[in-house]
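**Q** Have a look at the structure that comes next, please.
The values are calculated or read from the model by the stated rules, or taken from the named source; none is laboratory data. Just so we're clear, the structure is a prediction, and the values are computed from it rather than from any experiment. As a convention, Cβ positions derive from the backbone with ideal geometry for all residues, glycine included, and neighbour counts pool all protein chains shown. Note: areas computed on protein heavy atoms with side chains; ligands, DNA, RNA excluded. Shrake-Rupley method; radii C 1.70, N 1.55, O 1.52, S 1.80 Å.
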Amino acid sequence: MQNIGIAITGSGSALPATFLDNQALTKLVDTSDEWITTRTGIRQRRLVNQSESLSGLATLASQKAIASSGISPQELDLIILATSTPDDMFGSACQIQAQLGAHKAVAFDLTAACSGFVFGLVTAAQYIKTGVYKKVLMIGADVLSRWVDWQDRGTCILFGDGAGAVVLQANESDRLLGFELKSDGTQNKYLNLACTPEPTELLPGVHVGKGNFQPITMNGKEVYRFAVQKVPEVIDKALFHANLTVDQIDWLILHQANQRILDAVAQRLNIPEHKVISNLAEYGNTSAASIPLALDEAVRQGKIKPNDIVAASGFGAGLTWGAAIFQWGR
Ligand code: ACO
């Protein structure tokens, strides 16, 4: 195989305009700002309204990522959209391709819940490594507000909507230094957005199931336990593949699920607080969007600089978890 490297050359993000803070949530369910803040670190979240769309938000984030990479949409070879909440069950990546005018690009969706961005990044990288494609747009976007039970205080306090994107390009030196991906379907029951088909009799003796999705269900304690145990392990593995040690990490960007998970993982890895990127107070858990959103903000704020080493780790439904270690910029 040719020795082709990968660089992440730009990022972008987009958020809906509507805010919902913890105080407003107390009008919906029996909760308090104090409970939500101390258990999760979340203070507010952004929500799409009825006329906004996942693909619209993702297109906006993509345009910014493409512009910051200094390329044009027409140069893109591939678009991968990591989402669990497409506008269309057949996929939304092609709508984004059309909205961007990226007519040359192949586009498809990838579903791995809150691990979607890391899984997508690694998938995108394989196409570049093999020499098949040179310029790839990788988007993480979710609008879980559409699928939350707004009467369930155990879940509705957690989620928000958003989109983030990066551009990956073939590069002389390889800046994707190591990765590790994991899945365990035996624990699937702990986090679901499941289709429960309604029994429908089409004709006498011919039964089908009419599509019907249930709101998100979650065993918070099990998911918490899983994340705190598995995320440090998978970051360690990715570091091993990268031939790096923990102290060489400049920035830790975890899926923004819960501040207590961020703190516990950083503590287990012995990573000091000032290296941990956290924006969940503002946006809550935006699922596949949370890592590229946090990455983009940190780049724009001047925290993450060219050549900084970033450890990113996603975890969530599936169950799935994974980590990617990369050096920012070309
Ligand atoms: N406000 C007030 N009280 C609440 C609320 C709320 N919003 N939610 C639950 N409670 C109550 C419960 O009813 C329970 O009361 P009880 O003791 O009288 O029965 C009590 O608070 C404790 O409930 P727990 O569920 O045990 O609370 P816990 O400390 O585990 O915190 C939380 C819940 C925040 C959800 C935590 O378990 C967590 O963060 N888990 C990880 C979840 C996560 O990150 N999920 C996203 C994964 S990413 C993806 O793929 C979508």
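**Q** Can you tell me which of 37-48, 238-249 comes out highest on packing, and rank the rest after it, using the mean Cβ neighbours within 10 Å? Walk me through the numbers on the way to the answer.
**A** Details: 37-48: 19.8, 238-249: 15.8.
In descending order of packing, they fall as 37-48, 238-249.
**Q** Determine, for each peptide in 76-83, 322-329, the mean count of other beta carbons within 10 angstrom over its residues, then list the peptides with the highest first. Intermediate values should be presented prior to the final figure.
**A** Working: 76-83: 26.8, 322-329: 24.4.
So the peptides 76-83, 322-329, ranked by packing, come out 76-83, 322-329.
**Q** Taking the Cβ of Y127 as the center, what net charge do the other residues with Cβ under 13 Å away carry, scoring Lys and Arg +1 and Asp and Glu -1? Intermediate results must be reported in sequence, preceding the final value.
**A** Numbers: positive: K129, K134, K135; negative: D77.
It works out to a net charge of +2.
**Q** What list of ³J(HN,Hα) couplings, whole Hz, do you get for the range 206-222 from phi and the Karplus terms 6.51, -1.76, 1.60, once you set θ to phi - 60° and write x for glycine and proline?
**A** 10, 10, 10, x, 7, x, 7, 8, 8, x, 4, 10, 8, 9, x, 5, 5
**Q** At a temperature of 37 °C and a viscosity of 0.692 mPa s, determine how fast the range 12-97 diffuses translationally according to Stokes-Einstein, using the Kirkwood radius over alpha-carbon pairs as Rh; express D in µm²/s, rounded to the nearest whole number. Working shown, then result.
**A** On the way: Rh = 15.3 Å.
Rounded to a whole number, D works out at 215 µm²/s.
**Q** Report relative contact order for the chain in percent, whole number only (criteria: Cα-Cα under 8 Å, sequence separation at least 6). Don't jump to the answer; show the numbers that get you there.
**A** Numbers: 840 pairs, mean separation 86.1, N = 330.
It rounds to 26 percent for the chain.
**Q** Related question: ³J(HN,Hα) across the range 103-120 via Karplus (A = 6.51, B = -1.76, C = 1.60, θ = phi - 60°), whole Hz, x for Gly/Pro?
**A** 5, 7, 6, 7, 9, 8, 8, 9, 10, 8, 6, 6, 8, x, 5, 5, 4, x
**Q** Accessible area of the chain with a 1.4 Å probe: how many percent of it is carbon plus sulfur?
**A** On the way: 7410 of 14340 Å².
Carbon plus sulfur share of accessible area: 52 percent.
**Q** Grab the alpha carbons of the chain, take their convex hull, and tell me the volume per residue in Å³. Numbers along the way, then the final one.
**A** On the way: hull volume 49.8 nm³, N = 330.
Once divided by residue count, the hull of the chain is 151 Å³.
**Q** While we're on this one: So for the range 5-176, taking the charge dipole from beta-carbon charges (+1 Lys/Arg, -1 Asp/Glu), which of S145, Y127, I79 sits furthest toward the positive end?
**A** Y127
**Q** Net charge near D77: determine it from the other residues with C-beta under 13 Å of the C-beta of D77, scoring Lys and Arg +1 and Asp and Glu -1.
**A** Working: positive: K104, K134, K135; negative: E75.
Taking every other residue near D77 into account, the sum is +2.
**Q** Hey, another quick one. Quickly estimate the mean residue ellipticity at 222 nm for the chain, helices only: each DSSP H run with n ≥ 4 gives -39500 (n - 2.57), and the total goes over all residues, rounded to 500.
**A** Value at 222 nm, helices only: -9000 deg cm²/dmol.
**Q** If you roll a 1.4 Å probe over the heavy atoms of the protein chains, what accessible area per residue do you get for the chain, in Å²?
**A** On the way: 14340 Å² over 330 residues.
Averaged over the residues of the chain, the accessible area is 43 Å².
**Q** By the scheme Lys and Arg +1, Asp and Glu -1, what is the net charge of all other residues having a beta-carbon under 14 Å from that of N285? Could the numbers behind the result be given before it?
**A** Numbers: positive: R39, R43, R45, R46, R260; negative: D142, D161, E282.
Once all neighbours under 14 Å are counted, the net charge is +2.
**Q** Shifting gears a bit: Please list the equivalent ellipsoid semi-axes of the range 1-154, computed as the square roots of five times the alpha-carbon gyration tensor eigenvalues, in descending order and whole angstrom.
**A** Details: eigenvalues 228, 52, 38 Å².
Whole-Å semi-axes of the equivalent ellipsoid: 34, 16, 14.
**Q** Sorted by mean Cβ packing within 10 Å, highest first, what order do the peptides 299-309, 127-137 take? Intermediate results must be reported in sequence, preceding the final value.
**A** Numbers: 299-309: 14.4, 127-137: 19.3.
Descending mean neighbour count gives 127-137, 299-309.
**Q** Let me ask something else about it. Of all DSSP beta bridges in the chain, what percent run antiparallel (nearest 5)?
**A** Details: 45 of 61 bridges.
Looking only at bridges with both residues in the chain, the antiparallel portion is about 75 percent.
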